[in-house]
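Undergrad: First, the structure itself, so that you have it in front of you.
The values are calculated or read from the model by the stated rules, or taken from the named source; none is laboratory data. None of the values given here were measured: they were computed from a predicted structure. For neighbour counting, all protein chains shown are included, and Cβ atoms are generated from backbone atoms with ideal geometry for every residue, glycine included.
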Amino acid sequence: MKSTAPSDISLDRFAVPPGAGVNLSDHDPAWLGAAAMRDLDKDKLKKQAKKFLKARRAELAEAQELLYADDRYSLLIILQGRDAAGKDSTIKHVMRGVNPQGCQVFSFKAPSKEELDHNYLWRCWKALPERGRIGIFNRSYYEEVLVVRVQPGILAAQRLPPDHVTADIWRERFEDINRFEQHMVRNGTVILKFFLNVSREEQKRRFIERLQEPDKYWKFSRFDLEVRRQWDDYTEAAEDMLAATSTTWAPWYVIPADRKWVMRALVSLVITSRLAELGLEYPQPEGDKIEELKRALKQLQSEQIQPRD
């Protein structure tokens, strides 16, 4: 991976084509880039990836300021992935340097009683970014077709009318999500969705690390192991989700997550590349406003300020 132009890396290899089937075994979680990069040792690769990420951070900071000033679009970034895939660290490292006033992060845990009394999209709807801002969902409404699908007890707790819980419920939820996202896009929200694809071996290593470091105990839950035992069921649910909800207006990107430094560099590249396509501009004053600004400048320049004693 090079730290030069973003065009050096094709994003097509990570994007899920709309309407295409998905087999996660075709996506290497430990991807290292072009063949030439594989000849570099780990330290050199990490150094290259960090230089690349630093450059994208600078671009993202500028793009976020433009997004806010332009005030026509908002950006919604959705991060999904298995436990320990690196969602938290991706937010921390990719968004470093972005003005906090222009960015908001929401982490969606188990729904509250109030949230269960509404439809499953409601709590995410309330958290959508307004124009000019970047919103990040750490997990999202996609949990409703992932964990809920492999844990039937969670679906039962939603107290849906019995005749609505049929074999078609997941297809219906895919339809709901696609229409929901299309509505957002039609109103100026750019949606980028990342599935952080971590291997079973790497997840095990990260779980063990958490259990061996007291400062990381808080990150671990017994439920993590329960979901891990259902690895194949979760994989099937994720493949169905990616295939059914990667659209031209809200594409999915399957990002290799075994090496966090590669993952972060790729996520930052997708974001900056998409923002660059929007044609964002600083608003330019027109007519009387220009003359008003000139008068203000002249007044300030002529102002006499007494020095302090």
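Undergrad: Quick check on my filter: what residues within region 252-309 are in contact (Cβ under 8 Å) with a residue 60 or more places away in the chain, out of contact with any strand residue (DSSP E or B) (no Cβ under 8 Å at 6 or more places or on another chain), under 30 Å from K87 (Cα atoms) and not aliphatic (A, V, I, L, M)?
TA: Hits for region 252-309 are D258, R259, K260, W261, R264, S268, T272, S273.
Undergrad: I've got another one for you. So if I check each of L67, L75, which one is in contact with a strand residue (DSSP E or B) (Cβ under 8 Å, 6 or more places away or on another chain), in a strand (DSSP E or B) and of a type in the set (A, V, I, L, M, F, W, C)?
TA: L75
Okay, residues lined up against (1) more than 19 Å from the chain's Cα centre (by Cα); (2) surrounded by fewer than 11 Cβ atoms within 10 Å (Cβ to Cβ); (3) not basic (K, R):
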| site | (1), (2), (3) |
| --- | --- |
| A244 | no, no, yes |
| L266 | no, no, yes |
| L278 | no, no, yes |
| Y282 | yes, yes, yes |
| Q301 | yes, yes, yes |
| R308 | yes, yes, no |
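Undergrad: Can you name every one of the helices (runs of 4 or more DSSP H) wholly within region 153-246 that holds 2 or more residues which are free of Cβ contacts under 8 Å to residues at least 12 places away in the same chain, hydroxyl-bearing (S, T, Y) and touching a strand residue (DSSP E or B) at 6+ places or on another chain (Cβ under 9 Å)?
TA: Passing ranges: none, list empty.
Undergrad: Hey, another quick one. Which of the residues that make up region 247-284 are of a type in the set (G, A, S) and not in a loop (DSSP other than H, G, I, E, B)?
TA: Within region 247-284, A265, S268, S273, A276 meet the criteria.
Undergrad: When the residues of region 75-92 are filtered to those that are out of contact with any Asp or Glu (no Cβ under 6 Å at 6 or more places or on another chain) and surrounded by fewer than 21 Cβ atoms within 10 Å (Cβ to Cβ), which remaining residue is nearest to W249 (Cα to Cα)?
TA: Here the residue is I91.
Undergrad: Across region 72-112, what is the number of residues that are at pLDDT 95 or above, more than 30 Å from L225 (Cα to Cα) and among the charged types (D, E, K, R)?
TA: Within region 72-112, residues that are at pLDDT 95 or above, more than 30 Å from L225 (Cα to Cα) and among the charged types (D, E, K, R) number 1.
Undergrad: Quick check: anything in region 12-21 within 26 Å of W249 (Cα to Cα), among the aromatic types (F, W, Y), modelled with pLDDT of 85 or more and within 19 Å of the chain's Cα centre (by Cα)?
TA: Yes, region 12-21 contains at least one residue that is within 26 Å of W249 (Cα to Cα), among the aromatic types (F, W, Y), modelled with pLDDT of 85 or more and within 19 Å of the chain's Cα centre (by Cα).
Undergrad: When residues of region 85-138 are filtered for being closer than 14 Å to L75 by Cα, in a loop (DSSP other than H, G, I, E, B) and not charged (D, E, K, R), how many remain?
TA: Counting residues in region 85-138 that are closer than 14 Å to L75 by Cα, in a loop (DSSP other than H, G, I, E, B) and not charged (D, E, K, R) gives 6.
Undergrad: Among the numbered criteria (1) surrounded by fewer than 20 Cβ atoms within 10 Å (Cβ to Cβ); (2) at pLDDT 95 or above, which one does Y217 miss?
TA: Only one criterion in (1) surrounded by fewer than 20 Cβ atoms within 10 Å (Cβ to Cβ); (2) at pLDDT 95 or above is unmet by Y217, namely (2).
Undergrad: Sticking with this structure for a sec: Go through region 151-210 and count every residue that is of a type outside the set (A, V, I, L, M, F, W, C) and over 24 Å from P256 (Cα atoms).
TA: Of the residues in region 151-210, 25 are of a type outside the set (A, V, I, L, M, F, W, C) and over 24 Å from P256 (Cα atoms).
Undergrad: If you scan region 58-113, which residues turn out to be in contact with a Cys (Cβ under 8 Å, 6 or more places away or on another chain) and among the polar types (S, T, N, Q)?
TA: Listed by number, the list holds a single entry, Q64.
Undergrad: Hey, another quick one. Within region 93-146, how many residues are acidic (D, E) and buried (at least 16 other Cβ atoms within 10 Å of the Cβ)? Talk me through it step by step, then tell me what you get.
TA: Keep residues of region 93-146 that are acidic (D, E), which gives 114-115, 117, 130, 143-144.
Narrowing further to those that are buried (at least 16 other Cβ atoms within 10 Å of the Cβ): 115, 143-144.
Total meeting the criteria: 3.
Undergrad: Take the residues in region 139-152 that are farther than 15 Å from W125 by Cα and not in a loop (DSSP other than H, G, I, E, B); name whichever of them is modelled with the lowest pLDDT.
TA: The extreme case among them is P152.
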